[in-house]
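Inspection log for the structure reproduced underneath, given as structure tokens.
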Amino acid sequence: MPTSPSVATGPAPASPPRTARGRRADLIVVLAALVLAVWVTSGLWRDPNVRAVTVNSSDQALFEWLLAFGGHALTHGENPFFTHLINVPDGVNLAVNTSVTVYAVVFAPLTYLVGPPVTFLVILTLNLAATAVAWYLLLSRQYVRSRLAAGVGGLFIAYSPGMVSHANAHLNWTAGWLVPLLIWRLFALRRPGHWLRDGTIFGVLVAVAFSIAAEGLFFTALALGVFVVVWSLHPARRAEARAALPTFLRGLGVAAVVAGALLAYPLWLHFAGPQRFHGTGFDPVIHSEDVAAFVSYPRRSLAGEAGLGTSLAPNPTEENSFFGAPLLLLTVVCFVALWRRADPGRRATLWALGVLAVVFSVLSWGPVAKVDGDRTDVPMPFDLLGQLPVVNAALPARLALVVAPVIGLLLAYTIDQLRTAPPRHRFSEAAWALGFVVALLPLVPTPLLTSEREPIPRFITAGTWKEYVSPGGVLTPVPVAVDVYPDGQRWQAYALAHRQGEFRIPAGFFLGPGGPDGRGRIGPVPRPFNALMDQAARTGMVPIVTDGTLREVRADLAYWRVEAVVLPDRVHGAKFDVDEDAVLRTATALLGRPERVDDVWLWRIPRS
């Protein structure tokens with residue numbers, strides 16, 4: 001094991017004095033991180049309650065619901081890991097979903113004060129800024145002497161193409177600040193005489209990370225495991241690793257006990273609780289990284305705005321590599337330059353970083369390689385690893401996210417080396433400066449695409465719904481709430497955050513059982529009423545209604561124990577425009593003439 005995190009660059013640098021110059025550098029990086037975070041999310045800041053991420057408004061609605069539900073569970077003493085508010089009557093196991101429980105609890109006062117959309121935006125913005133600051137602090141205090149090097153490395157990692165891509169509504173993946181904290185506390189486990197305290201701190205941090213980004217924690221653990229093993233086996237570091245192993249293992253054991261105690265219940269729910277599933281319904285071939293994506297540019301960047309972006313990702317939220325050819329070339333040049341001047345101990349670290357980047361790049365290619373959109377017949381290592389438990393629930397494309405920190409570290413190490421031992425010729429200095437500009441300037445992020453989403457109807461905001469639904473009763477919008485129709489969960493989130501009380505909804509946007517081969521799926525298995533409403537919303541066609549159709553619809557409403565069916569004037573379709581008129585005519589054919597209440601059409605459903 002490394003004697004200190006500074007092994008990434010050789011001998012540990014002396015801690016810089018807290019001079020005015022150092023504090024000024026810290027302040028500049030913090031301000032730069034905040035400015036970039038606000039810049040990327042600026043479209044949402046125009047009006048958080050009206051604007052939504054264009055390419056992923058469904059996930060935004062889900063995270064807003066999770067924030068509202070988490071605060072409600074905290075203040076009402078309800079189970080934060082399982083709920084019957086959605087997907088009635090079966091409920092949803094939130095321990096196998098991305099429940100961001102820690103965020104929901106910590107930010108509950110803000111959610112109650114300003115509402116879930118604003119809380120969502122605050123967390124998203126802080127995630128990006130905090131990721132840059134956390135990496136900067138780790139680099140500047142442990143890895144490099146130059147604050148400039150630490151700033152460039154930290155800002156690149158936080159605003160790398162993958163992070164900006166996941167800023168399209170993923171509060172879990174943008175919580176990249178967890179990674180440098182985990183690295184810092186993992187290395188602290190080697191300190192003799194502190195294994196109990198350090199192990200306890202690390203265990204608490206692992207529990208927090210699991211509750212915010214379980215998949216990200218898993219990837220971080222895999223990456224750190226690969227790095228530590230490769231580094232420890234290097235001849236130059238074997239003796240040091242062997243000497244540190246007993247203390248490290250004691251600390252790791254304490255961390256496992258602490259994290260296990262804190263996570264015992266959610267882990268039981270995750271692997272053995274009701275509404276659990278194993279694996280996901282996502283196709284690992286579709287959700288794998290294209291080999292050509294590594295030399296391509298992302299859409300939300302200066303290069304993308306110039307028309308150089310591509311559509312090689314499965315969707316705009318999964319541009320997990322997209323570094324561009326100049327940056328990859330610069331990274332190789334940096335690696336070679338560092339290697340040539342490195343002593344054996346430093347080479348052990350560079351070797352481990354190189355192996356880490358190659359391993360996770362290849363794994364991100366999924367079961368079979370794809371090149372420029374064309375699927376090949378070349379099998380990849382993930383074809384075997386993807387069958388393992390836990391791994392089968394991960395999307396291979398996201399493994400490429402591990403590569404960005406490796407690149408950021410190499411950039412920081414190179415700048416640090418150039419600052420401490422500058423090239424002898426001005427031509428070399430200019431060449432290095434030009435190389436960094438050409439590689440990094442095209443990747444400067446541009447703001448996320450946003451658009452207006454349909455407002456929450458007055459029927460909900462004024463609390464009129466309470467006149468038609470009993471406390472804890474079931475209300476359903478039409479179309480029925482699922483990922484592409486997130487209105488039901490947005491309405492419920494508003495009611496919970498504004499202390500209006502509880503109403504339940506059928507279905508919803510969540511991961512649950514029911515997929516092929518026992519895997520998970522998005523939302524429940526559709527019932528006839530869902531399918532009829534979805535057909536009308538998508539196609540504008542009113543289905544033929546028979547006596548059999550009416551019996552099936554009545555059976556569905558009785559199964560859900562629905563008391564009121566509601567259609568607003570404008571329905572939010574996350575992926576397409578909704579034909580509200582066709583939905584109205586279909587619901588009328590199935591349920592009879594509706595009432596006009598506030599700004600919605602309402603059908604009362606008598607209890608049988």
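The values are calculated or read from the model by the stated rules, or taken from the named source; none is laboratory data. Because the structure is predicted, anything quoted here is derived from the model rather than measured. Here Cβ is always computed from backbone atoms with ideal geometry, including for glycine, and neighbour counts include all displayed protein chains. These area figures cover heavy atoms from the full protein model, side chains too; ligands, DNA and RNA do not enter into them. Shrake-Rupley method; radii C 1.70, N 1.55, O 1.52, S 1.80 Å.
The table below gives the values:
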{"item": "Dipole moment magnitude, nearest 20 debye, segment 489-575 about Cα centre, only Lys, Arg, Asp, Glu C-beta charged", "result": "240"}
{"item": "Fully extended contour minus Cα-Cα distance, from residue 242 to residue 191, at 0.36 nm per residue", "result": "17.0 nm"}
{"item": "Mean separation of Cα contacts under 8 Å (6+ apart) over length of segment 275-426, as relative contact order %", "result": "32"}
{"item": "Net charge over other residues, Cβ less than 13 angstrom from the Cβ of residue 398 (K, R count +1; D, E count -1)", "result": "-4"}
{"item": "Student exercise, segment 423-537 dipole from Lys, Arg, Asp, Glu Cβ charges, in Debye to nearest 20", "result": "260"}
{"item": "Computed lengthening from residue 75 to residue 325, 0.36 nm per intervening residue step minus Cα-Cα distance", "result": "84.9 nm"}
{"item": "Packing rank of 195-203, 599-607, where each peptide gets the mean count of other beta carbons within 10 Å, highest leading", "result": "195-203, 599-607"}
{"item": "Charge tally in the Cβ shell below 12 Å around residue 573, where Lys, Arg are +1 and Asp, Glu are -1, residue 573 excluded", "result": "-3"}
{"item": "Solvent-accessible area per residue for the chain (1.4 angstrom probe, square angstrom)", "result": "41"}
{"item": "Computed lengthening from residue 539 to residue 502, 0.36 nm per intervening residue step minus Cα-Cα distance", "result": "10.0 nm"}
{"item": "Nonlocal amide H pairs with residue 309, under 5 Å, H built at 1.01 Å", "result": "304"}
{"item": "Ordering of 20-31, 237-248 by burial proxy (mean other Cβ atoms within 10 Å per residue, highest first)", "result": "237-248, 20-31"}
{"item": "Spacing of the two label points (7 Å from each Cα toward its C-beta) at residue 20 and residue 551, in nm", "result": "8.7"}
{"item": "0 to 90° range, to nearest 10: angle between helix 20-40 axis and the chain longest Cα axis", "result": "30"}
{"item": "Residues listed by number, segment 477-491, amide nitrogen under 13 Å from residue 558 label point at 7 Å toward C-beta", "result": "none"}
{"item": "Degrees between helix 57-76 axis and first principal axis of the chain (Cα, 0 to 90, nearest 10)", "result": "80"}
{"item": "In range of the label at residue 122: residues from segment 484-498 whose backbone nitrogen is under 15 Å from the point 7 Å along Cα→Cβ", "result": "497-498"}
{"item": "Farthest positive-ward along the chain dipole, Cα basis, beta-carbon charges - from 244, 541, 266", "result": "244"}
{"item": "Highest to lowest packing among 431-437, 569-575, 119-125, scored as the average C-beta count within 10 Å", "result": "119-125, 569-575, 431-437"}
{"item": "Crossing angle, helix 238-262 versus the chain [Cα axis fit, 0-90 degrees, rounded to tens]", "result": "20"}
{"item": "Ellipticity estimate at 222 nm from DSSP helix runs (n ≥ 4, -39,500 (n - 2.57)) divided over the chain, nearest 500", "result": "-16500 deg cm²/dmol"}
{"item": "³J(HN,Hα), Karplus 6.51/-1.76/1.60, whole Hz, each residue of segment 498-504, x for Gly, Pro", "result": "9, 6, 7, x, 10, 10, 9"}
{"item": "Fraction of antiparallel bridges per DSSP, the chain only, in percent to nearest 5", "result": "80"}
{"item": "Simple spin-label estimate for residue 372 and residue 470 in nanometres, 7 Å along Cα-Cβ", "result": "6.5"}
{"item": "Unit charges on C-beta of K, R, D, E only; dipole of the chain, Debye", "result": "2540"}
{"item": "Computed label-point distance, nm, for sites residue 438 and residue 340 using a 7 Å Cα→Cβ extension", "result": "1.7"}
